[in-house]
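J.: My questions all concern the structure below.
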């Protein structure tokens, strides 16, 4: 298929229709912010593709996905059976860029459909997959909003925060990952007994978890533990009318479900995970430029070493780089964003201390589960990929949780100008 950039003008009406329809799932003023977020996401996806091709490393994995998607679409026409076997983890005959990365090949097989719809045009396919992901987020926010949860902080974190928008838009696995997580979270009220249990909802949950597992199995594993522990805690509270017992079961549920995942799936077995993280850590140090690679003095591939490295990983994972030093333009922008995040943390901490005793920092199980999930993802990313460029990209796995949690605690007058309900997500739990 030829790359015809002029085709984008034929697709613009359909893309705008998707943007308009998705925004209608939320009430005003959230609707307008959601549409703005969708437009920003599409623009970020286009910019990401252009930068990878013309300014960075000549294409990167995003253009690799596009190239493989074109080949897989041709494979679907010639040998449908071989194409669909990709979804079962099999590699088709021949030479493939992602032959040793079955999850990357799975994503390329999924991308074959929007690439074909776009007539082979990278940028049109990027716009479609970005909007599909955005629609998944809108489905999640709609489900949570209808159940009485405030989604304003999540809208800001997922659709307006610059680095999150940029690194989860376009033809990237993280783009679909966030959309799938949004659909999963739309069923959170059902899992917590706040919506009726329906067969089609359970089926949707199973399909989306399977899809997430195929994209990023470790994200799916931790998400499963998170939602399972929440459901257990909610059931115990309703059954025994005890908040204390519910919290104990919630914590025990986290440990139990992580243990089950570790036992039943070899790649999630704790010693295997730790060794895999450490091997990646050593690889980055062997290949990376010293100023852009972080060292952890206690990290040695053991659980004790991982725990001792937590403070260092937290500091670098959230606030590195800060402005200063000899960095690239992208690093400078990341530094300014991290400085903003640091100021937000300080302001929230000051407000929390000022309002001590008023219950403003009372944490719910939903918030606790989200923070645990974010911490686990941060440790996964930080311990395995202590490289500046990689870290900037993979912050999308945990940064939205921190931002959404911080926003309700800023308490500054300028926040009101956004007309967004900055109350916490877990107000009902």
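The values are calculated or read from the model by the stated rules, or taken from the named source; none is laboratory data. Because the structure is predicted, anything quoted here is derived from the model rather than measured. As a convention, Cβ positions derive from the backbone with ideal geometry for all residues, glycine included, and neighbour counts pool all protein chains shown.
J.: Restricted to region 338-368, and to residues that are part of a loop (DSSP other than H, G, I, E, B) and farther than 30 Å from residue 228 by Cα, which residue is modelled with the lowest pLDDT?
T.: Within region 338-368, the match that is modelled with the lowest pLDDT is 358.
J.: Additional query: Criterion first (in the same structural domain as residue 372 (by TED's automatic domain parsing) and assigned to a loop (DSSP other than H, G, I, E, B)) does residue 279 satisfy it?
T.: It is false that residue 279 is in the same structural domain as residue 372 (by TED's automatic domain parsing) and assigned to a loop (DSSP other than H, G, I, E, B).
J.: From the list 204, 176, 197, which residue is outside the structural domain of residue 256 (by TED's automatic domain parsing), at pLDDT 95 or above and either part of a helix (DSSP H, G or I) or more than 13 Å from the chain's Cα centre (by Cα) (or both)?
T.: Step by step, each of 204, 176, 197 is checked, and only 176 is outside the structural domain of residue 256 (by TED's automatic domain parsing), at pLDDT 95 or above and either part of a helix (DSSP H, G or I) or more than 13 Å from the chain's Cα centre (by Cα) (or both).
J.: Let me ask you something else. Is there a residue being loosely packed, with under 15 Cβ neighbours inside 10 Å and farther than 29 Å from residue 186 by Cβ anywhere in region 23-44?
T.: No.
J.: Can you work out which of the residues in region 83-94 that are touching a helix residue (DSSP H, G or I) at 6+ places or on another chain (Cβ under 6 Å) and part of a helix (DSSP H, G or I) is surrounded by the most Cβ atoms within 10 Å (Cβ to Cβ)?
T.: Across region 83-94, the extreme among qualifying residues is 86.
J.: Just one of 307, 322 is in a loop (DSSP other than H, G, I, E, B) and within 24 Å of the chain's Cα centre (by Cα); which is it?
T.: 322
J.: So which residues in region 158-173 are under 10 Å from the mean Cα position of the chain (by Cα) and crowded, with 23+ Cβ neighbours inside 10 Å?
T.: Within region 158-173, 158, 164, 168 meet the criteria.
J.: Within region 95-112, work out how many residues are surrounded by 16 or more Cβ atoms within 10 Å (Cβ to Cβ) and free of Cβ contacts under 8 Å to residues at least 12 places away in the same chain.
T.: 0
J.: For residue 119, state whether it is touching a helix residue (DSSP H, G or I) at 6+ places or on another chain (Cβ under 8 Å), within 22 Å of residue 337 (Cβ to Cβ) and assigned to a loop (DSSP other than H, G, I, E, B).
T.: no
J.: Ok, one more. Of the residues that make up region 234-246, is at least one free of Cβ contacts under 8 Å to residues at least 12 places away in the same chain, surrounded by fewer than 17 Cβ atoms within 10 Å (Cβ to Cβ) and not in a helix (DSSP H, G or I)?
T.: Yes; the residues of region 234-246 include at least one that is free of Cβ contacts under 8 Å to residues at least 12 places away in the same chain, surrounded by fewer than 17 Cβ atoms within 10 Å (Cβ to Cβ) and not in a helix (DSSP H, G or I).
J.: Take residue 165 and decide whether it is at pLDDT 95 or above, in contact with a helix residue (DSSP H, G or I) (Cβ under 7 Å, 6 or more places away or on another chain) and in a helix (DSSP H, G or I).
T.: Taking the combined requirement at face value, the residue satisfies it.
J.: Within region 22-35, how many residues turn out to be within 12 Å of residue 142 (Cβ to Cβ) and free of Cβ contacts under 8 Å to residues at least 40 places away in the same chain?
T.: Residues that pass the stated criteria total 2.
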